[in-house]
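Here's a structure for you.
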Amino acid sequence: MLDHKGEKYQSYVKTLCYEIENRSSGEDIETIYFGGGTPSILPVDLIAKILKQLRKNFKVRSDVEITLETNPGTVDKLKLANLRELGVNRLSIGVQTFSESLIKKLARGHTVKEALDTIHWAQELGFENINLDLIYGLPKQSFVDWQKTIDKAFEQGINHISCYSLTIEENTPFHNIYGNSNHPDLPDEDLLFEMYEELQRYCLKKGFNQYEVSNFAKPGFESKHNLTYWRNQEFYGFGVSAHEYIQGQRKAHTRDLQNYLEASFGQETLDCNPQLEELMLKLRLKEGLNLKEYKSRFGIDLIQDKGDLLTEYIEKGLISINKDNCNLTYKGFLLSTQIISQLI
């Protein structure tokens with residue numbers, strides 16, 4: 001007999017499969033990404049139903065990358081084995097930090113041991129494509145704390161790291177406690193830069209490429225999902241709060257679960273500026289923005305329109321321009337938000 005939570009999972013997946021079926025296109029699919037919330041909490045049989053529905057309604061390639069965002073404490077070795085048998089071949093494990101005291105403050109619902117167990121089980125089962133999600137800029141996190149987390153991450157022999165600075169969002173427990181980034185318990189901007197640079201140094205030393213502002217990988221292990229998004233290529237989104245980019249339009253699904261379960265998917269078309277999106281997304285990638293293609297597509301000549309600013313950034317070592325390609329340097333990645341905002 002299903003408990004209340006089990007019934008809710010069943011209802012959600014039933015509606016999700018209904019949506020996939022009704023929006024079927026038969027297109028080729030080269031990456032499937034289970035993300036947002038905690039998808040690893042779903043029972044394996046329900047994940048199997050979703051994959052079966054996707055394979056029924058789309059042409060899923062034989063070399064498809066299937067990623068599951070995985071929170072430690074929501075899986076055991078048997079569940080990981082079953083997921084691997086289903087075809088899940090990439091795990092993104094939400095470690096965040098290897099500091100026991102800091103992980104408690106984050107209230108992630110797992111311990112450092114559970115994070116390490118999840119990594120080791122996955123490796124024992126043959127998962128080669130493993131990402132660790134890390135966060136820096138945590139309350140009372142020191143530079144040494146961050147170094148220890150990076151050390152521990154690389155000790156695990158993984159091949160991809162995604163790293164983000166803590167964001168204080170409204171209507172969250174962190175916002176209620178800290179208010180904003182100026183709280184004395186939070187690292188200042190200089191320390192945040194030092195933490196980011198330290199990860200860059202580690203990754204370079206370990207043979208990881210920084211292929212995007214927040215993503216580092218060994219050659220060949222760059223996330224297909226990440227690259228699809230940052231290259232501004234189209235993708236489908238299914239489920240509560242999902243976003244998608246199809247036929248030149250960006251849409252967002254309803255964030256209201258009950259509304260979604262009533263099969264009122266509630267997609268809202270977002271008001272976006274294609275020129276700005278192309279610039280913002282492509283410059284976050286190490287491969288950068290092709291200026292010739294950008295001019296051909298949008299009629300905007302960045303060399304002519306932003307020449308003085310580009311020259312200033314080049315002189316400061318923040319960007320480089322090689323033939324028709326403009327990209328941020330490793331130093332430029334540190335200031336990516338400011339650089340991109342000034343260019344747009």
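The values are calculated or read from the model by the stated rules, or taken from the named source; none is laboratory data. All figures in this text were calculated on a predicted structure; none of them were measured in a lab. Reconstructed Cβ throughout: ideal geometry from the backbone, glycine too, with neighbour counts over all protein chains shown. These accessible areas exclude ligands, DNA and RNA; they are computed on the full protein's heavy atoms, side chains included. Shrake-Rupley method; radii C 1.70, N 1.55, O 1.52, S 1.80 Å.
Please go through the range 269-344 and write out the trypsin sites (Lys or Arg not before Pro) that DSSP classes as loop and that have at most 13 other C-beta atoms within 10 Å.
On the way: sites: LYS282, ARG284, LYS286, LYS292, LYS295, ARG297, LYS306, LYS316, LYS323, LYS331; in loops: LYS286, LYS306, LYS316, LYS323.
Answer by residue number: LYS316, LYS323.
To the nearest Å, what is the center-to-center distance of the range 220-247 and the range 6-39, using C-alpha atoms only?
Between the Cα centres of the range 220-247 and the range 6-39 lies a distance of 14 Å.
Could you state the orientation-averaged shadow area of the convex hull built on the Cα atoms of the range 1-64, in nm² to one decimal?
Answer in nm², one decimal: 4.7.
Give the label of the value calculated from the structure for Rg and Dmax of the Cα atoms in Å, choosing from (i) 19.2, 57; (ii) 19.0, 62; (iii) 21.1, 68.
The value computed from this structure is option (iii).
In addition: For the range 60-213, with equal point scatterers placed on the C-alpha atoms only and solvent neglected, what are the log10 I(q)/I(0) values from the Debye formula at q = 0.11 1/Å, to two decimals?
-0.46
Calculate for the chain the 222 nm mean residue ellipticity that helices alone would give, adding -39,500 (n - 2.57) per DSSP H run of length 4 or more and normalising by residue count, nearest 500 deg cm²/dmol.
When only DSSP H runs of four or more count, the value is -13000 deg cm²/dmol.
Using the Karplus curve 6.51 cos²θ - 1.76 cosθ + 1.60 with θ = phi - 60°, work out ³J(HN,Hα) for each residue of the range 106-119 in order, rounded to whole Hz, and write x for Gly and Pro.
With the stated coefficients, the range 106-119 comes to 6, 6, 7, x, 9, 9, 4, 4, 5, 5, 5, 4, 4, 4 Hz.
Just add up the charged neighbours of GLN249: K/R +1, D/E -1, any other residue whose Cβ is under 14 Å from the Cβ of GLN249.
Charge balance in the 14 Å sphere: -2.
While we're looking at this one, here's another question. Below 8 Å between Cα atoms, with a sequence gap of 6+, how large is the relative contact order for the chain in percent?
Once normalised by length, the contact order is 11 percent.
Which far-off residues, 5 or more places away or on another chain, put their amide H under 5 Å from the one on ASN209, with H placed in the peptide plane?
ALA217, LYS218
For GLN96, enumerate residues with amide H under 5 Å from its amide H, sequence gap 5+ or separate chain, H modeled in the peptide plane.
Result for GLN96 returns ASP133, LEU134, ILE135.
Sticking with this one: Ranked from the most accessible area to the least, with a 1.4 Å probe and all protein chains present, what is the order of TRP230, TRP146? Could the numbers behind the result be given before it?
Working: TRP230 45, TRP146 0 Å².
Sorted by accessible area, descending: TRP230, TRP146.
While we're on this one: The chain: longest stretch without exposed GluC sites (Glu not before Pro) (DSSP loop, at most 16 other Cβ within 10 Å), sites themselves excluded?
Working: sites that count: GLU27, GLU128, GLU169, GLU170, GLU234, GLU262, GLU287.
The longest uninterrupted stretch comes out as 28-127.
For the range 14-105, what D do you get in µm² per second when you plug the Kirkwood radius from alpha-carbon pairs into Stokes-Einstein at 10 °C and 1.306 mPa s?
Working: Rh = 14.4 Å.
For the chosen part, D equals 110 µm²/s.
Provide Rg over Rh for the range 205-344; use the alpha carbon set for both Rg and the Kirkwood Rh (inverse mean inverse pair distance). Before the final figure, lay out the partial values.
Numbers: Rg = 17.5 Å, Rh = 16.8 Å.
Result: Rg/Rh = 1.04.
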